[in-house]
Amino acid sequence: MSAARGLAFFDMDGTLVDGDCGLLFVRDCTLRGLIPPRELAAWVGWLVRAAREGVGEPVVAEAKRQLLRIWLRLGEQAAEAAYDDFFRRVLRPRLRPDTCAEVAHAQREGQVILITANLRTMAIRIGRELGIPPEFCLGAEAVRDANGAITGDIDRPILMGEWRARFVTERAAREQIELHQVRAYGDSLHDLPMLRAVGRPCAVHPGRALRRVAAAEGFRLLG
């Protein structure tokens with residue numbers, strides 16, 4: 001097994017970014033008049049469902065399908081341009097300096113993987129900002145038809161919870177890096193399986209529940 005190379009996994013929403021990229025984008029599009037009333041009503045319905053059921057994988061998948069409606073309605077090129085503009089205006093100032101410094105440190109040690117339950121295109125945009133290649137930016141993938149056009153559906157399962165922990169474990173094995181050497185960064189209880197899977201977990205600006213677990217289990221705390 002290799003002891004010379006590092007491997008670090010970073011959650012995106014709440015960890016690298018102060019907030020949820022998808023919901024912030026929807027809010028920005030709403031303020032700019034880019035979301036019609038029917039889609040806005042669907043988002044209100046989703047918020048009610050999330051409050052009632054919690055944000056498990058099926059509920060998160062529905063949110064990503066609703067996000068893709070923006071891409072379907074505007075067209076991929078226009079939607080990507082709108083998201084890039086949104087990133088410059090809204091997300092760049094929300095990047096957490098302390099977590100970004102951790103990314104830079106981990107990049108000097110070895111491989112950094114950005115992993116999110118949000119759309120992969122959003123992860124790729126942040127990866128471009130932080131020098132993380134697209135192939136190391138993972139997220140919810142849009143299903144495409146035989147001609148390469150997005151269909152509006154999402155590949156399942158989304159990499160969250162236990163699925164994310166399984167991916168981290170398998171990726172470390174593929175890279176021949178012992179799990180006790182692997183770093184992982186997350187901000188919520190949804191990241192807990194991933195944090196518990198590695199030897200160097202870090203709870204980033206955690207909510208109260210994760211902060212309690214991090215203190216009890218000896219995770220490093222950032223923020």
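Here is a yes/no grid of residues against (1) within 14 Å of the chain's Cα centre (by Cα); (2) surrounded by fewer than 22 Cβ atoms within 10 Å (Cβ to Cβ):
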{"residue": "Leu91", "(1), (2)": "yes, no"}
{"residue": "Pro97", "(1), (2)": "no, yes"}
{"residue": "Arg108", "(1), (2)": "no, yes"}
{"residue": "Pro134", "(1), (2)": "yes, yes"}
{"residue": "Ala140", "(1), (2)": "yes, no"}
{"residue": "Asp155", "(1), (2)": "no, yes"}
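Of these, Thr15, Thr30, which one is hydroxyl-bearing (Ser, Thr, Tyr) and closer than 17 Å to Leu138 by Cβ?
Working: Thr30 fails: closer than 17 Å to Leu138 by Cβ.
Of Thr15, Thr30, the one residue that is hydroxyl-bearing (Ser, Thr, Tyr) and closer than 17 Å to Leu138 by Cβ is Thr15.
Sub-9 Å Cβ pairs linking a first residue in segment 93-122 that is farther than 15 Å from Asp18 by Cβ to a second residue that is assigned to a loop (DSSP other than H, G, I, E, B) and acidic (Asp, Glu), at least 6 apart or interchain, are Gly110/Glu175; Gln111/Glu175; Leu119/Glu141; Arg120/Glu141, ordered by first then second residue.
When Arg164, Arg171, Arg212 are screened for being more than 20 Å from Pro58 (Cβ to Cβ), touching a residue at least 12 places away in the same chain (Cβ under 8 Å) and not in a loop (DSSP other than H, G, I, E, B), only Arg171 passes. Residues of segment 165-193 that are within 18 Å of the chain's Cα centre (by Cα) and basic (Lys, Arg): Arg166, Arg171, Arg183.
Can you spot a residue in segment 90-100 that is under 23 Å from Leu72 (Cβ atoms), at pLDDT 95 or above and touching a helix residue (DSSP H, G or I) at 6+ places or on another chain (Cβ under 8 Å)?
There is at least one residue in segment 90-100 that is under 23 Å from Leu72 (Cβ atoms), at pLDDT 95 or above and touching a helix residue (DSSP H, G or I) at 6+ places or on another chain (Cβ under 8 Å).
Out of Asn118, Asn147, I need the residue that is at pLDDT 95 or above and of a type in the set (S, T, N, Q). Which one?
One residue alone meets the criteria, Asn118.
Quick grid of which residues meet (1) surrounded by fewer than 23 Cβ atoms within 10 Å (Cβ to Cβ); (2) in contact with a Gly (Cβ under 9 Å, 6 or more places away or on another chain):
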position	(1), (2)
Arg166	yes, no
His180	yes, yes
Arg183	yes, yes
Met194	no, yes
His205	yes, yes
Arg211	yes, no
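Using the structure shown, decide if Ile154 is touching a helix residue (DSSP H, G or I) at 6+ places or on another chain (Cβ under 9 Å), closer than 14 Å to Asp11 by Cα and modelled with pLDDT under 95. The answer is no for Ile154. The residues in segment 104-143 that are assigned to a strand (DSSP E or B) and under 21 Å from Leu222 (Cα atoms) can be counted, and the count is 7. For segment 88-103, state whether one or more residues are part of a helix (DSSP H, G or I) and touching a Lys or Arg at 6+ places or on another chain (Cβ under 7 Å). Among the residues of segment 88-103, not one is part of a helix (DSSP H, G or I) and touching a Lys or Arg at 6+ places or on another chain (Cβ under 7 Å), which makes the answer no. In segment 144-161, how many residues are part of a strand (DSSP E or B) and either assigned by TED's automatic domain parsing to the domain that holds Val59 or not aliphatic (A, V, I, L, M) (or both)? Count: 4.
Go over the candidates Gly19, Gly33 one by one and state the one that is without any contact (Cβ under 8 Å) to a residue 12 or more places away in the chain and assigned to a loop (DSSP other than H, G, I, E, B). It is Gly33. Residue count for segment 174-196 satisfying the condition of being in a strand (DSSP E or B) and within 20 Å of Gly54 (Cβ to Cβ): 1.
The values are calculated or read from the model by the stated rules, or taken from the named source; none is laboratory data. Quantities reported herein were computed from a predicted structural model and do not represent experimental measurements. Cβ sites come from the backbone with ideal geometry, for glycine too, and all protein chains shown count toward neighbours.
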